[in-house]
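Written below as structure tokens is the structure these notes are about.
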Ligand code: ADP
Ligand code: ASP
Ligand code: MG
């Protein structure tokens, strides 16, 4: 059994839903769908108006979104009977959203609003397949996808519940389920964070021990650099789990950062494929490495670096512990670390407690902060005894000011910190020197 996940653009119009239907029929797999593209953003906007106690603002977006869905329904279904069924389906979801325009609005209600996008896209796909005479079965994510008290997915619960639901529907030709949405430890509706449908797919893949997890999107696999920023990028055919995890964590939007771990633990290959070009080979992510190869570059935005310089650090034990403890106290994760005999630099991407952190750090040294920075991450088989890769990276960036360089934490990445203003030219230069050299 395989798990096939289709992102928002892949189900973004009636025609796309029809194209996906063609791709998924014929084998008994689990299909995970995101909301139609733009829907979750609209639901966030609706919630924003409701938080601000502006029901008119919310209603305007709700009505526009509903009109869009009526248009999709008209185009998607052939018969009046199914158009009517689909209209009733989406109306139930819009009625749910509208019910919150009259009441108190909290995080709890927001989570319910955000869940409606995936509930609609899967319901519509299921009805479309039925109209085509296919015995598809909708497996509600809210009946099996669950997080624990630490807001981490609960793999035992997920496996037990999902296996049972699949067994109960033994005659199904295909299973359809929602990405992104789940319940929390208290049974309330919750989600796996924006972009989290990839995570749903890999949790489901791990639960059913799938033979493969396929992430279908709008591009032919992981490219060797960010195609939104750099010209002439090309798809990488093969990545190791660790390489894919580093790229996802450091900004390659094609994959949600959390999605690799469940697949890696269970050694399930992940294939990235293009819905608009289904025959393209895409990218295969597995346990295999290509010796000595630099694979791709990614960038993580909105980074702040903090330097703590201390004359007293020389030979002092416990200095780093004290510094890290301050970040821990404010629940602020550190991304990069570089040290010298007189100081330490770290980067963070969550500046909520920056002021307090800087204040506390001043007890131990002189503190300076650089904001609007970007981590550029070069990924590949970068074992330390493979000579030459550091030189190639540094040479590519010879005209770009580099604030920090970090290597040695993993065999798969070199990270460099540059100014946000230099991001484009840094990425472009790395592409030219590492991948496109003639
Ligand atoms: P989906 O809605 O299917 O989940 P996303 O928008 O989340 O799709 O991810 C696909 C997008 O990721 C692509 O359209 C592309 O612009 C962006 N992207 C960023 N970095 C990369 C990369 N290195 N390789 C491929 N795509 C990337
Ligand atoms: N629909 C959700 C979002 O837009 C989840 C996803 O698409 O992965 O973030
Ligand atoms: Mg995505």
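Just to check, using Stokes-Einstein with a Kirkwood Rh over alpha carbon pairs, what's the diffusion coefficient of the stretch 1-138 at 20 °C and 1.002 mPa s in µm²/s?
Numbers: Rh = 15.5 Å.
D = 138 µm²/s.
Semi-axes of the equivalent ellipsoid of the stretch 277-327: what are they in whole Å, largest first, if each equals the square root of 5 times a C-alpha gyration tensor eigenvalue? Could you put the intermediate results ahead of the total?
Values: eigenvalues 370, 53, 25 Å².
Sorted largest first and rounded, they come to 43, 16, 11 Å.
Please report, in whole Å³, the volume per residue of the convex hull around the C-alpha atoms of the stretch 223-342.
Working: hull volume 21.0 nm³, N = 120.
Considering the Cα atoms of the stretch 223-342, their hull volume per residue is 175 Å³.
Determine, from the Cβ-Cβ distance of residue 209 and residue 173 and an R0 of 25 Å, the FRET efficiency 1/(1 + (r/R0)^6), rounded to the nearest 0.05. The partial results should precede the final answer.
Numbers: r = 21 Å, r/R0 = 0.83.
Once the sixth-power term is evaluated, E becomes 0.75.
In whole angstrom, how far apart do the alpha carbon centroids of the stretch 1-66 and the stretch 162-239 sit?
14
Counting helices only, and only those DSSP H runs with n ≥ 4, report the 222 nm mean residue ellipticity of the chain as the sum of -39,500 (n - 2.57) divided by its residues, in deg cm²/dmol to the nearest 500.
Working: 13 runs with 167 residues, N = 438.
Value at 222 nm, helices only: -12000 deg cm²/dmol.
Just to be sure I understand the model, the point goes 7 Å from the Cα along the line to the Cβ. What's the resulting residue 302 to residue 99 distance in nm?
That separation, rounded to one decimal, is 3.2 nm.
Relative contact order for the stretch 1-81: what is it in percent, counting Cα pairs under 8 Å that are at least 6 residues apart?
Values: 75 pairs, mean separation 26.2, N = 81.
For the stretch 1-81, the relative contact order is 32 percent.
Would you work out the Kirkwood radius for the stretch 194-262? I mean one over the mean of 1/r across all pairs of different Cα atoms, in Å. Could the numbers behind the result be given before it?
Details: mean 1/r = 0.0789 Å⁻¹.
It works out to 12.7 Å.
Along its three principal axes, how long is the stretch 317-438 when you only count alpha carbons? Whole Å, largest extent first please.
Sorted from largest, the Cα extents of the stretch 317-438 read 52, 32, 24 Å.
Find the Cα radius of gyration of the stretch 127-258, compare it with 2.2 N^0.38 Å by division, and give the number to two decimals. List each step's numbers first, then the result.
Details: Rg = 16.8 Å, N = 132, 2.2 N^0.38 = 14.1 Å.
The reported ratio for this selection is 1.20.
Direction-averaged shadow area of the convex hull around the Cα atoms of the stretch 271-378, nm²?
Details: hull surface 41.5 nm².
Mean orientational projected area (the stretch 271-378, Cα hull): 10.4 nm².
How large is the convex hull of the C-alpha atoms of the chain per residue, in Å³? Each step should come with its number before you reach the end.
Working: hull volume 72.5 nm³, N = 438.
Enclosed volume per residue, from the Cα hull, is 165 Å³.
Hey, any idea what Rg/Rh is for the stretch 154-195, computing Rh the Kirkwood way over Cα pairs?
Details: Rg = 12.2 Å, Rh = 11.9 Å.
Using only Cα positions, Rg/Rh for the stretch 154-195 is 1.02.
Label-point separation (nm) for residue 156 and residue 130, each offset 7 Å from Cα along Cα-to-Cβ?
Here the answer is 3.7 nm between the modelled labels.
Grab the alpha carbons of the stretch 380-421, take their convex hull, and tell me the volume per residue in Å³.
72
With everything on Cα atoms, drop me the angle between helix 39-51 and the longest principal axis of the chain, reported from 0 to 90° to the nearest 10.
Between helix and principal axis, roughly 80 degrees.
List the extent of the Cα atoms of the stretch 48-129 along each of their three principal axes, largest first, rounded to whole Å.
41, 21, 14
Could you work out how far helix 107-131 tilts from the main Cα principal axis of the chain, as a 0 to 90 degree angle to the nearest 10?
It works out to around 50 degrees.
For the pair residue 350/residue 309, report the inter-label distance in nm, with labels modelled 7 Å from Cα in the Cβ direction.
3.0
Output the Cα-based Rg and Dmax of the stretch 80-194 in Å, rounding Rg to one decimal and Dmax to a whole number.
15.5, 47
Contact order normalised by length for the chain, with contacts defined as Cα pairs under 8 Å and 6 or more residues apart; what percent is it?
Values: 857 pairs, mean separation 58.2, N = 438.
That works out to 13 percent.
Of the beta bridges DSSP finds with both residues in the chain, what % are antiparallel, to the nearest 5? Walk me through the numbers before you get to the answer.
Working: 41 of 67 bridges.
Within the chain, antiparallel bridges account for around 60 percent of the total.
No lab work stands behind these numbers, since they all come straight from the coordinates. If you're wondering where the values come from, they're calculated on a predicted model, not measured in any experiment. Neighbour counts are summed over all protein chains in view; Cβ atoms, including those assigned to glycine, are modelled from backbone coordinates with ideal geometry.
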